[in-house]
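Below is one structure, written out as structure tokens; comments come after it.
Nothing in this text is a laboratory measurement; each read-out follows from the coordinates by a stated rule. None of these values were measured; they are calculated from a predicted model. For neighbour counting, all protein chains shown are included, and Cβ atoms are generated from backbone atoms with ideal geometry for every residue, glycine included.
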């Protein structure tokens, strides 16, 4: 898109450190950040919240590894 982290920070009012940490995956997208990014990119803030949730789900899946594989779906016998 040709947008530098500096421009993103300047135009959204986020600090350059905040933007840098977002890009490195060291900071979460909060509702406030999502609102600012949504306005800047002319999209919904929910888009960014969903990206954050997807990232967290992937990280959670990695962290529990084999434990998740050992859980079997519940089935009721009728």
Quickly work out the residue 42-to-residue 28 label distance, labels modelled 7 Å from Cα along the C-beta direction, and quote it in nm with one decimal.
3.1 nm
Would you look at the GNM of the chain, springs on alpha carbons closer than 10 Å, and say which of 67, 27, 54 moves the most?
67
Report relative contact order for the chain in percent, whole number only (criteria: Cα-Cα under 8 Å, sequence separation at least 6).
16 percent
Nearest 0.05, what FRET efficiency do residue 69 and residue 35 give at R0 = 30 Å with Cβ-Cβ as r?
0.20
Folded to 0 to 90 degrees: helix 31-41 orientation relative to the chain principal axis, Cα:
60 degrees
Separation of alpha-carbon centers, segment 48-63 and segment 1-37, rounded to whole Å:
18 Å
How high is the FRET efficiency from residue 7 to residue 58, r the C-beta distance, R0 35 Å, rounded to 0.05?
0.80
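Suppose we look only past 21 Å in the calculated P(r) of the chain. What percent of the Cα-Cα pairs does that tail hold?
Working: 1259 of 3003 pairs.
I get 42 percent for the Cα pairs in the chain exceeding 21 Å.
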